[in-house]
Each structure stands twice: as C-alpha cells, then as structure tokens.
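Engineer: Handing you a structure now.
No lab work stands behind these numbers, since they all come straight from the coordinates. Every value quoted in this text rests on a predicted model; they were computed, and no experiment measured them. Please note: Cβ atoms are built from the backbone with ideal geometry, for glycine as well, and neighbour counts cover all protein chains shown.
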Amino acid sequence: MALCFIPFFLWVLKAHATSFDPNQQFPQKNIFILAGQSNMAGRGGLIINDDRTRTQIWDGVVPSASRPNPSVLRLNAKLSWVQAHEPLHADIDVASVDGVGPGMAFANAVLADDPSNGPIGLVPCAIGGTNISQWEKGTPLYRHMVKRARASVAADGGTIRALLWYQGESDTILKQDAEVYGRRLERLFQDIRLDLMSPMLPIIQVALASGVGPYVDTVREAQFGTELLNVRTVDPIGLTVGPDKLHLTTESQVQLGEMMADAFLKFLPKQLAIDSTGTQTTSSSSSTIFFFSMMPLITIVISTVSLLV
C-alpha cells in the first residue's frame, strides 16, 4: 500500500518545483504580506491639521518611486484585488491616519529590477500601536493576517513570495517585553510559515529606527539575533524620522522600501543556466535551496508511508 503514495509524492515535488523559482514569468501574482505596526502601515507625509486638537492629515504627496503601477495590486479590506496606491493601509489601519509607507516603493523597485517579477500583489495587514504579543497566534490580528494571506492566494490566484515585517516600537516601553521580544518574534515567524504551509517563506524584517520607550537597543539586538533561516534584517538607522521622533518621513519610507526590495532580490537565484533546448533553468545552487526547503514535506510523507507499511 505504501508504494501507491510514491506517485503522489513525486507529483507534489514536481508541483512545488514548478512554483519555486521566483525568476520565471508567472501569469499569476507574486504576493507579499505587509505586517507590523505604524511604520509599516505608513505615516510618511502626516501633518498637523489643527494646532488646538493636534489632529493629523496626510499631505497627499506621493513621490515618483511610490506612484501607482499597472503591475502592482493590493488586496483591499473586502478581499478583492484593486489597483495599489498610497496610502496602502487606508482601509486596514482604520483607527489611524495613514500616509506613505514602504510598500509601493518596494514593489516598484522589485519590478524595476526585472519586469517579469510582476504582477505584484500587496496584502496590507499592519496596525499602528501594536505590541508583538497582539500578533501572537490565536489573536485577532494574527487571524486577520492569515485570513487575508490565504484569501490573496485564492482570489484570482498567486503565490506568497515573502512576509515584510516592521514592528517593535511598542515593545520598547517595558523591560520585560523587550527582553522576550526575540523569543516572541521567532515563534511568530514559525507560526506564520506553518499556517501558510510555507516552511521556508522568505521574511524581510526591519530593525527599529526609533521607539516609544527606553529599550530600543534591547529590541534591536533581538531582531538582529534572529537565527531562523531565510530571514533578512534591514537596518533603517540613519533614515530620517519626523518631528514626533518615531515615524519615518516620506523620503525615508521610499528609501526603506528600496532597501527591502534589495534584501528580497538577494533571495533569488543569481545564476541561471540555459539548457540545450534554450529553456531557462535554475542553477544547482537554486536546486539545493529547493531541496532543503522541501525537507519538512519529505519528512511528513516518509513518516506517513512508514505508518502505513
């Protein structure tokens, strides 16, 4: 009976292999999940509208690097794909005033590197002012993010290519939160990969450029200390924050988006080979990456077969 599982196993491997190489041209969307708190949601271009009430509005300025692109879509709050434009999180982070974030600059930079990386689908999920404990598995924020991620794949098709994560400012207030940030972060990343059935999902996280409390360095140390595979950490230190000393300016958000794009592009196989028929194929290094990414699936299948023998 166990032998009947072998064709199925080979089919799974083949199906996964055909969707693993990010360099081939996909008729479906390459999808990116945007999650975290306010600097991911975007506060670039916020100005004080009323000095008495200190209410804010967005100035409406969209730099060229963040302008709409026909090849960039976003999953809106109703789980439908629409043309992406700033502010990306306007119907997601509804309790706050949203401005320019890193998402559009990221997508445009990925497309500028190679137009065949499109079309790109962005899935905004960030909520301002949130602690990492509010993102733990089972919480409303976590369930909302996973629901949107799954819907993005089901809605007209596509493949989730990476999680873009920028969070931690709220965890700098209390020492006990800062000291356990690293453990919570790794657990979160592992849970997301498990629930999205993508054990080697690339993750681009942004280290803190600012914080609400005195434990910024503690959280930054935890972010850079992440030991999970396929996690790259972008450092925004040196980018300009606004008058509130917390949120990145529009120009800084553009720079950050481009830095994140550069980090993501480093995940892609750098060398491609052309076979005798002229077909583009991945290099042996890419095949090695694929093999190791399949190890959890191989283990599950082998274990299942062993139980049935």
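Engineer: Working out 0.36 nm times the residue gap between Q176 and D217, then minus their Cα-Cα distance, what length gain in nm do you get to one decimal? Present the calculation step by step, with values, prior to reporting the outcome.
Structural biologist: Numbers: separation 41, 0.36 × 41 = 14.76 nm, distance 1.36 nm.
Stretched out fully, the Q176 to D217 stretch lengthens by 13.4 nm.
Engineer: Over the alpha-carbon set of region 167-264, work out the extent along each principal axis and list the three values in angstrom, largest first.
Structural biologist: Sorted from largest, the Cα extents of region 167-264 read 41, 33, 19 Å.
Engineer: Please compute the net charge surrounding R183, taking Lys and Arg as +1 and Asp and Glu as -1 over other residues with Cβ under 15 Å from its Cβ. Don't skip to the end; give the middle numbers.
Structural biologist: Numbers: positive: K137, K175, R184, R187; negative: E136, D171, D177, E179, E186, D191, E221, E227.
With Lys, Arg at +1 and Asp, Glu at -1, the net is -4.
Engineer: Separate question: What percent does the relative contact order of region 164-277 come to when contacts are Cα pairs within less than 8 Å and at least six residues apart? If you can, show how the numbers build up before the last one.
Structural biologist: On the way: 141 pairs, mean separation 31.3, N = 114.
The normalised contact order for region 164-277 reaches 27 percent.
Engineer: Also, quick follow-up: Past 23 Å, Cα to Cα: identify those pairs from K175/K266; K147/K245; K29/K78; K78/K266, in the order given.
Structural biologist: Violating the 23 Å Cα-Cα cut-off are K175/K266; K147/K245; K78/K266.
Engineer: To the nearest 20 debye, what is the magnitude of the charge dipole of region 202-256 about its Cα centre, counting +1 on the Cβ of each Lys and Arg and -1 on the Cβ of each Asp and Glu? Display every interim value, and only then the final one.
Structural biologist: On the way: 3 positive and 6 negative charges, 13 e Å.
Once rounded to the nearest 20, the dipole reads 60 debye.
Engineer: Now for a different question. Pairs of alpha-carbon atoms within less than 8 angstrom and 6+ residues apart define the contacts here; what relative contact order does region 99-161 have, in percent? Walk me through the intermediate numbers first.
Structural biologist: Numbers: 22 pairs, mean separation 12.3, N = 63.
Reported as a whole number, the value is 19 percent.
Engineer: Ordered by packing density, taken as the mean number of other Cβ atoms within 10 Å over each peptide's residues, highest first, how do 55-62, 120-127 rank? Working shown, then result.
Structural biologist: Numbers: 55-62: 14.9, 120-127: 27.1.
By packing density, highest mean first, the sequence is 120-127, 55-62.
Engineer: Quick one: net charge of G129's neighbours, Cβ under 13 Å, K/R +1, D/E -1? Don't jump to the answer; show the numbers that get you there.
Structural biologist: Working: positive: R43; negative: D93, D98, E169, D171, D244.
Overall, the nearby charge balance is -4.
Engineer: A further question follows. Counting Lys and Arg as +1 and Asp and Glu as -1, what is the net charge of the other residues whose Cβ lies under 10 Å from the Cβ of T172? Present the calculation step by step, with values, prior to reporting the outcome.
Structural biologist: Details: positive: K175, R220; negative: E169, D171, D177, D217.
Residues close to T172 contribute a combined charge of -2.
Engineer: Sticking with this structure for a sec: Can you pull the one-decimal nm distance between simple spin-label points at D262 and L246, each 7 Å off the Cα toward Cβ?
Structural biologist: Between D262 and L246, the label points sit 2.9 nm apart.
Engineer: Another one. For region 117-211, what relative contact order do you get, as a whole percent, if you take Cα pairs closer than 8 Å and at least 6 residues apart? Before the final figure, lay out the partial values.
Structural biologist: Values: 83 pairs, mean separation 32.8, N = 95.
After rounding, I find 34 percent.
Engineer: Still on this structure: For a protection proxy built on the mean count of beta-carbon atoms within 10 angstrom, sort 166-175, 32-41, 188-197 highest first, please.
Structural biologist: Working: 166-175: 22.1, 32-41: 26.6, 188-197: 16.6.
Output ranking for 166-175, 32-41, 188-197: 32-41, 166-175, 188-197.
Engineer: For R150 and L229, compute 0.36 nm times the residue count separating them, minus their Cα-Cα distance, and round to one decimal in nm.
Structural biologist: 26.2 nm
Engineer: Something else about it: If you look at just the Cα atoms of region 112-242, how large are its Rg and its Dmax in Å?
Structural biologist: For region 112-242, the Cα radius of gyration and maximum Cα-Cα distance read 15.3, 46 Å.
Engineer: Could I ask something else about it? Just to be sure I understand: if I project the alpha-carbon convex hull of region 61-164 onto a plane and average over all orientations, what area do I get in nm²?
Structural biologist: On the way: hull surface 27.2 nm².
Quarter of the Cα hull surface area: 6.8 nm².
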